[in-house]
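Single-structure report; data block below.
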Amino acid sequence: MCYSLSPGSPYLLSSHVTKARPLIAVVDDDDSMCIALRRFLRAANLDAETFPSGAKFLESLQTHQPDCVVLDLHMPGIDGFAVQAQLVEMGIGLPVVVITGRDSAETRERALASGASAYLPKPVDGQKLLGAIAAAIAPPPDTKPPPAKNQPG
């Protein structure tokens, strides 16, 4: 994991994103990865919660929903692909940033086709992760049509 985050970083997230401190769920069966990502995200002004399995994360959605999930693909039990499928089945439009230690073109295509907003190989670069999260939770661009021109009548 790259820890080159600095206060002047363009990816340091501030309160204007969606709320004072967006909540990011980290789902990874590697406890050291969960600890490192939680510390890193909190240093970037984000709240973070971790889950050791896809099943525990999906269970947590009954009581609350994070703003984004950082999701490992290869876990025992319910893997990241199954979590993505469950989110779609449940009708939860939660932004997903996929991380994986088994990077391949097929895995990347499958994760993105399943709705992931970003795909990052491990070891995860901190700047890229923050950029992916910021893009995933950013409000959609203003899609209002331009004002009508006054036409002579």
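Coordinate-derived values only; no laboratory data. Quantities reported herein were computed from a predicted structural model and do not represent experimental measurements.
The amide H of Val98, built 1.01 Å from its N in the peptide plane, has Leu71, Ser117, Ala118, Tyr119, Leu120 as neighbours under 5 Å, considering only residues 5 or more places off or on other chains.
Amide H contacts of Val26 (H built 1.01 Å from N, in plane; Pro and chain starts excluded): Glu49, Thr50, Phe51, Val70 sit under 5 Å, all sequence-distant by 5 or more or on other chains. 3J(HN,Hα) along the range 45-54, derived from phi through the Karplus expression 6.51 cos²θ - 1.76 cosθ + 1.60 where θ = phi - 60°, amounts to 6, 10, 7, 9, 10, 10, 9, x, 7, x Hz, with x in place of Gly and Pro. The convex hull of the Cα atoms of the range 23-137, projected and averaged over all directions, covers 6.3 nm².
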